[in-house]
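Here is the structure we will look at, set down as structure tokens.
No value in this document is a laboratory result; all are computed from the given coordinates. These figures come from a predicted structure and were not determined experimentally. Neighbour counts run over all protein chains shown; Cβ positions are idealised from the backbone, glycine included.
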Amino acid sequence: MLSVHPSGLYAWVKEPLSQRAQEDRRQTKLVKQAWKDSGKVYGYRKFYDDLIDMGEVVSENRVARLDLHRFCSGVLLMLCGEFFERHG
């Protein structure tokens, strides 16, 4: 269990997302769509190429981080997503 005071947690949750976190969320949707369009077989290197072809400004490492949704599930996905939204 985390040793976090409830008031600190609620303040953190209510805090608006940073511009980078918003951009991560938008690009994660693009990566997920590319994954679905690929028949759920391609990896982050192909998604990186697809995003570059779409004119997105992104690094291969960032795409790999955004592609975590394929390896995380359930509560772990929520925790991974929330962590990376807050700490990019």
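Observations on the model:
- With a simple spin-label model that places each label point 7 Å from the Cα along the Cα-to-Cβ direction, the separation between residue 41 and residue 56 comes to 2.1 nm.
- The loop-placed trypsin sites (Lys or Arg not before Pro) in segment 1-62, going by DSSP, that have at most 11 neighbouring Cβ atoms within 10 Å of their Cβ come out as 40.
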